[in-house]
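**Q** My questions will all concern the structure given below.
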């Protein structure tokens, strides 16, 4: 069975600080990136086993029922995810990890089909509802958003032990934290404590 972005099911995802999720197909990219961190249950890695990866994909109708994944499949998916996360940190003004990008490029499958229409956007189609098809469609969603200049708004929070992918809905695109009341406040508190600990007359570099 073929697979398209329009057919993907997008369950509601937890968003810190009452943020709205990413719009359209970028919500799938955001959810995939956020499998590394779960703010509610405090379990950093959600794709800890091939079965967990298969369950995540099936919940979004990206994988046929009964398909079994292997540890090699899981590593492939994580390489793609970490490359995307490197791009999200770059969107926030940080240097991307070149090794993560290299592994992502090696892990990404090919084989997408294009269907053109006169009255709507082109469709990108994966020939099969399997891991390669799912990863190819997630990457295609990134590519389309980059071409449409929307991808830069999807960022990874730089807060310590966070990295949550959030969509910057602000007009001037200056959002820096998944939530100012969570990570932003923590960082500001750390900076305040560091200033208090400096000896009198100490000048910062």
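The values are calculated or read from the model by the stated rules, or taken from the named source; none is laboratory data. Bear in mind the structure is a predicted one, so any value in this text is a computation, not a measurement. Methodologically, a virtual Cβ is constructed for each residue, glycine included, from the backbone with ideal geometry; neighbour enumeration extends over all protein chains shown.
**Q** Return a yes/no flag: does the range 86-100 have any residue that is touching a helix residue (DSSP H, G or I) at 6+ places or on another chain (Cβ under 9 Å), modelled with pLDDT of 95 or more, buried (at least 19 other Cβ atoms within 10 Å of the Cβ) and farther than 18 Å from residue 158 by Cα.
**A** Checking the range 86-100: not a single residue is touching a helix residue (DSSP H, G or I) at 6+ places or on another chain (Cβ under 9 Å), modelled with pLDDT of 95 or more, buried (at least 19 other Cβ atoms within 10 Å of the Cβ) and farther than 18 Å from residue 158 by Cα.
**Q** Restricted to the range 32-55, and to residues that are surrounded by fewer than 18 Cβ atoms within 10 Å (Cβ to Cβ) and under 16 Å from residue 85 (Cα atoms), which residue is modelled with the lowest pLDDT?
**A** 38
**Q** Further question: Would you check which residues across the range 111-167 are more than 24 Å from residue 74 (Cα to Cα), in contact (Cβ under 8 Å) with a residue 60 or more places away in the chain and either out of contact with any strand residue (DSSP E or B) (no Cβ under 8 Å at 6 or more places or on another chain) or assigned to a helix (DSSP H, G or I) (or both) and list them?
**A** Passing the criteria: 144, 145, 150, 151, 152, 153, 158.
**Q** Kindly indicate which of 83, 92 is in contact (Cβ under 8 Å) with a residue 12 or more places away in the chain and farther than 22 Å from residue 3 by Cβ.
**A** Answer to the selection: 92.
**Q** Please verify whether the range 112-121 includes one or more residues that are under 15 Å from the mean Cα position of the chain (by Cα) and farther than 24 Å from residue 157 by Cα.
**A** No, the range 112-121 contains no residue that is under 15 Å from the mean Cα position of the chain (by Cα) and farther than 24 Å from residue 157 by Cα.
**Q** So, one more: Which numbered condition in (1) modelled with pLDDT under 90; (2) closer than 30 Å to residue 18 by Cα is the only one that residue 145 fails?
**A** Single failed check for residue 145: (1).
**Q** Quick one: residue 44 ticks every box in (1) within 25 Å of residue 176 (Cβ to Cβ); (2) assigned to a helix (DSSP H, G or I) bar one, so which box is it?
**A** (2)
**Q** Failed condition for residue 202, given (1) at pLDDT below 80; (2) surrounded by fewer than 13 Cβ atoms within 10 Å (Cβ to Cβ); (3) in a helix (DSSP H, G or I), with all others met?
**A** Just one mismatch for residue 202, condition (3).
**Q** Would you point out which residue out of 83, 66, 93, 24 is under 19 Å from residue 136 (Cα atoms) and either in a loop (DSSP other than H, G, I, E, B) or touching a strand residue (DSSP E or B) at 6+ places or on another chain (Cβ under 7 Å) (or both)?
**A** From the options 83, 66, 93, 24, the qualifying one is 24.
**Q** With the structure loaded, tell me whether residue 65 is in contact (Cβ under 8 Å) with a residue 24 or more places away in the chain and either surrounded by fewer than 14 Cβ atoms within 10 Å (Cβ to Cβ) or in contact with a helix residue (DSSP H, G or I) (Cβ under 8 Å, 6 or more places away or on another chain) (or both) or whether it fails that test.
**A** No.
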